[in-house]
1. Could you run through the range 19-40 and say how many residues are within 18 Å of the chain's Cα centre (by Cα) and either free of Cβ contacts under 8 Å to residues at least 24 places away in the same chain or in a helix (DSSP H, G or I) (or both)?
2. Listed residues LEU64, LEU86, LEU74; which is farther than 28 Å from VAL165 by Cβ, touching a helix residue (DSSP H, G or I) at 6+ places or on another chain (Cβ under 9 Å) and aliphatic (A, V, I, L, M)?
3. When you scan the range 108-124, how many residues do you find that are closer than 18 Å to GLU170 by Cα and either in a helix (DSSP H, G or I) or open to solvent by less than 10 Å² (accessible area, probe 1.4 Å) (or both)?
Amino acid sequence: MTTIAPALLPYLQSYPAPLQQQARELLAQGRLGMALQKKYPAAHAVRSDKALYDYAQELKNRHLRNAGTINKVLFDNKIHVVRHALGLHTTVSRVQGNRLATKHEIRIAAMFKQGPDEFLRMIVVHELAHLREKDHGKAFYQLCQHMEPQYHQYEFDLRLYLTHVEHSGERLWGGEPA
């Protein structure tokens, strides 16, 4: 069995050592991808930017009715998970006459165009939470968990998936190799 060094699990560094060890063992045995596919067998059906906008808007309307308007939601090929983030929430403010107009944009890394609904929902919920909470503090994560009760589990599993992709180069649920 191959040993995976701690430095080779960058997405899992903030998790307890026993969870990291389990991930190392699954990775070394080549079973991490199979375990994820067993837990999340189907990919979501959101394939276009329009469908993603509708998906995000539905979640926003259900949980954050009084939050700001989302002006654009799209899959972005320029977001590289290793160097940046899973998604980005940007706010652009412009002066229009004597008032300030704010536009909110959400961009999701294109690699999540194929993946389980749970991963997409976790990323969208995270970016939507930035409409109310700018910083990643306690209130931010409470809001994420209010919108998606399994938020932390999905985030952990998504990090396992990123670890799998980084080590094997294989994307699950369709899509091109990493």
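The values are calculated or read from the model by the stated rules, or taken from the named source; none is laboratory data. Fair warning: this is a prediction, and the values are worked out from it, not measured in the lab. Methodologically, a virtual Cβ is constructed for each residue, glycine included, from the backbone with ideal geometry; neighbour enumeration extends over all protein chains shown. Remember, those area values only see protein heavy atoms, side chains included, never the ligands or the DNA or RNA. Shrake-Rupley method; radii C 1.70, N 1.55, O 1.52, S 1.80 Å.
1. To start, the set of residues in the range 19-40 that are within 18 Å of the chain's Cα centre (by Cα) comprises 33, 36-37, 39-40.
When the remaining residues are screened for being either free of Cβ contacts under 8 Å to residues at least 24 places away in the same chain or in a helix (DSSP H, G or I) (or both), the result is 33, 36-37, 39.
Residues that pass the stated criteria total 4.
2. Values: LEU86 fails: farther than 28 Å from VAL165 by Cβ; LEU74 fails: farther than 28 Å from VAL165 by Cβ.
The match here is LEU64.
3. Taking the range 108-124 and keeping what is closer than 18 Å to GLU170 by Cα, we get 109-116, 119.
Narrowing the set further to residues that are either in a helix (DSSP H, G or I) or open to solvent by less than 10 Å² (accessible area, probe 1.4 Å) (or both) leaves 109-113, 115-116, 119.
Total meeting the criteria: 8.
Every residue, every condition in (1) assigned to a strand (DSSP E or B); (2) surrounded by fewer than 19 Cβ atoms within 10 Å (Cβ to Cβ), yes or no:
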residue	(1), (2)
VAL92	yes, yes
ALA101	yes, yes
LEU128	no, no
HIS136	no, yes
GLN142	no, yes
THR163	no, no
